[in-house]
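So the structure is just underneath, and the comments pick up after that.
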Amino acid sequence: MNLGSTLKKVREAKGLSQKELAGLLDMPQPQYSRIEGGKTDPSFSAVAKMAKALGISLSELFNADDIFNDVNTYDKTLMEKIRLIDTLDDTEKKSLFNIIDSLIAKKKLKDNLSSLIAQ
């Protein structure tokens, strides 16, 4: 797979439009579109800037095919969110985990009450 299609996969997994990513890169959207479409090759510094804007390392960018192999789009965005959670500080992680735990407990309580009512 070429760099353009890899960029597209990563960009879409991050939930970004071409316009949004081009804005992060301070690059005109048509120029980014040509890179993603394989019509022009970016400089190495531009590729490094793209990887940074996407929040991945250069090695991850060039190994993206392996990372995304047999993973659907929903799973890609979920996995990316999990990776981003790992970058939060401990207080932020604890707050997020408390929210998740609360939602899970609410769901379990709702399911239990529903099964009791159904009996």
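The values are calculated or read from the model by the stated rules, or taken from the named source; none is laboratory data. Treat the numbers as computed from the prediction; the structure is a model and nothing was measured. Ideal geometry is used to build each Cβ from the backbone, glycine not excepted, and the neighbour counts take in all protein chains shown. Just so you know, the surface numbers come from the protein's heavy atoms only, side chains and all, with ligands and any DNA or RNA stripped out. Shrake-Rupley method; radii C 1.70, N 1.55, O 1.52, S 1.80 Å.
Given the protein chains as shown and a 1.4 Å probe, how many square angstrom of PHE62 are accessible, to the nearest 10?
Estimated to the nearest 10 Å², PHE62 gives 120 Å².
Give me the angle, in degrees from 0 to 90, between the Cα long axis of helix 3-13 and the longest principal axis of the Cα atoms of the chain, rounded to the nearest 10.
On a 0 to 90 degree scale, this one is about 20.
Determine the gain in length on full extension of the stretch LYS106-THR91; use 0.36 nm per residue of separation and subtract their C-alpha separation, reporting nm with one decimal.
Result for the pair: 3.1 nm of gain on full extension.
Computed FRET efficiency, Cβ-Cβ of GLU60 and LYS39, R0 30 Å: what is it to the nearest 0.05?
According to the calculation, E is roughly 0.80.
State the percentage of accessible surface on the chain attributable to carbon and sulfur atoms; use a 1.4 Å probe and exclude ligands, DNA and RNA.
With neighbouring chains kept in place, the figure for the chain is 56 percent.
With a probe of 1.4 Å, find how much accessible area the chain has per residue, and write the answer as a whole number in Å².
Result: 71 Å² of accessible area for each residue.
Compute the relative contact order of the chain as a whole-number percentage, counting only Cα pairs closer than 8 Å that sit 6 or more residues apart in sequence.
26
Quick check: from the Cα gyration tensor, does the chain come out rounded (a/c under 1.5), prolate or oblate?
It comes out prolate by the Cα gyration axes.
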